[in-house]
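The values are calculated or read from the model by the stated rules, or taken from the named source; none is laboratory data. Just so it is clear, the model here is predicted, and its values are computed rather than measured. Cβ coordinates were reconstructed from backbone atoms using ideal geometry, including for glycine residues, and neighbour counts include every protein chain displayed. Accessible surface is based on the protein model in full, side chains and every heavy atom, while ligands, DNA and RNA are left aside. Shrake-Rupley method; radii C 1.70, N 1.55, O 1.52, S 1.80 Å.
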Amino acid sequence: LIPPLDTRFEFRDFIKVFALSILLYAGFTLLFIYFPGADEFLESVHPTVSFMLTYLIQFVILFFPLWIFVIEKYGASFKDFGFQKIKIGKLLKNVIGFYLLYFLIASTLSILLSTSGLQLPGYEAQESYIPLFGDDALGFISAFLLIIGVAPFLEEFFFRGFVYKVLAKTWSIPVGSLITAGLFALIHFQIQSFFPIFILGLFLNVVYQRTQSLWAPIAFHALNNSLAFGFDVYLHFHPELLQQMQEKLEMTSGLL
């Protein structure tokens, strides 16, 4: 049996955090609506600077409420959010094993949808991140550091270390996992790719639940982002590969 995750955090803490997060999101949205100069400024600077500022706003929206209603309230430490020691063998076994399973399932679904010609809303490829950072040295270095290093750490801290632990404690592991994965997919603001991100979120929950250490989903997340970013960069310099892949899938679809 998989043991439940222990946490001092309560569901009311989750409600407070998300309520303030929604208010902050609405506030920043109104700021950009009523002060068009903010949008113009973001468009005038290097794409990396623009993305970093936008990511900083997202960080404030999520972690400022978490700091007020959870970290300060409980005097919470990293350990409270799941930063437990884990043996390297156990970490590698779970991360690599479950990632191979995730890759197999995600790839199979993508191939089935492509070859059948069925268009499932919310199951499209994620947009490339390279245009958001710029295709110069600064853009690639910044994208690498943020996508592979910063994002997995912060996102797992919030979603697995707080959201999932609270929801699994409040209801059950399956319900908590489904809701957490849904919120995780929504917060990426890529509705066209909701289901691939949702499936990724489910696997991150499983890895965390099985290992009881947040380092495992962080490593899983970083591995996924590394492969996705590497493929994204390769396609950026070899766009003909994507066309060739599409043609092969269309040929396969015609044979079925």
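What is the distance, in nm, between label points placed 7 Å from the Cα along the Cα-to-Cβ direction at E40 and at S107?
Going by the 7 Å Cα→Cβ label model, 5.0 nm.
Sort segment 44-96 into rounded, prolate or oblate with this rule: let a ≥ b ≥ c be the square roots of the eigenvalues of the Cα gyration tensor; rounded if a/c is under 1.5, and if a/c is not under 1.5, prolate when a/b is larger than b/c, oblate otherwise.
Since a/c reaches 1.5 but b/c is at least a/b, the shape of segment 44-96 is classed as oblate.
Spelling out what I want: for every residue of segment 42-52, take phi, set θ = phi - 60°, compute 6.51 cos²θ - 1.76 cosθ + 1.60 (Karplus), and round to whole Hz; glycine and proline get x.
Working through the residues one at a time gives 4, 6, 8, 9, 4, x, 5, 5, 4, 5, 4 Hz.
Between H238 and E127, take the C-beta separation as r, use R0 = 22 Å, and let me know the FRET efficiency to the nearest 0.05.
Efficiency computed from Cβ-Cβ geometry: 0.75.
How much length, in nm to one decimal, is gained on full extension between L138 and T29, taken as 0.36 nm per residue of separation minus their Cα-Cα distance?
36.5 nm is the gain from fully extending L138 to T29.
What figure in square angstrom, to the nearest 10, would you give for the accessible area of V175 with a 1.4 Å probe?
Around 60 Å² of this residue is reachable by solvent.
Taking the Cα of Y55, stepping 7 Å toward and past its beta carbon, and measuring to each backbone N in segment 150-187: which are under 16 Å?
Only 150-158 pass the distance filter.
Rounded, prolate or oblate for segment 1-71? Axes are the square roots of the Cα gyration tensor eigenvalues, ordered a ≥ b ≥ c, and the cut-off for rounded is a/c under 1.5.
prolate
With the cut-off at 21 Å, tell me which of the pairs K16/K169; K16/K73; K87/K169; K73/K165; K93/K165 have Cα atoms farther apart than that.
Long pairs (Cα-Cα over 21 Å): K87/K169; K93/K165.
For T108, what accessible area in Å² do you get when you roll a 1.4 Å probe over the heavy atoms of the protein chains, rounding to the nearest 10?
Rounded to the nearest 10, the figure is 60 Å².
Which GluC sites (Glu not before Pro) from segment 1-96 combine a DSSP loop assignment with at most 16 other Cβ atoms within 10 Å?
E10
What distance in nm lies between label points placed 7 Å from Cα along the C-beta direction at K93 and T115?
That separation, rounded to one decimal, is 3.4 nm.
Hey, what do the phi angles of segment 100-108 turn into as Karplus ³J(HN,Hα) couplings, whole Hz, using 6.51/-1.76/1.60 and θ = phi - 60°, x for Gly and Pro?
Running phi through 6.51 cos²θ - 1.76 cosθ + 1.60 with θ = phi - 60° gives 4, 5, 4, 5, 5, 5, 5, 5, 4 Hz.
Computed from the mean reciprocal separation of all distinct C-alpha pairs, what Kirkwood hydrodynamic radius does segment 164-245 have, in Å?
That comes to 14.1 Å for segment 164-245.
Could I have the simple spin-label model distance between F231 and D6, label points 7 Å from Cα toward Cβ, reported in nm to one decimal?
4.0
Pop out the ³J(HN,Hα) list for segment 199-206 in order, Karplus 6.51 cos²θ - 1.76 cosθ + 1.60 with θ = phi - 60°, rounded to Hz; leave Gly and Pro as x.
Karplus-based 3J(HN,Hα) across segment 199-206 equals 4, 4, x, 4, 5, 4, 4, 4 Hz.
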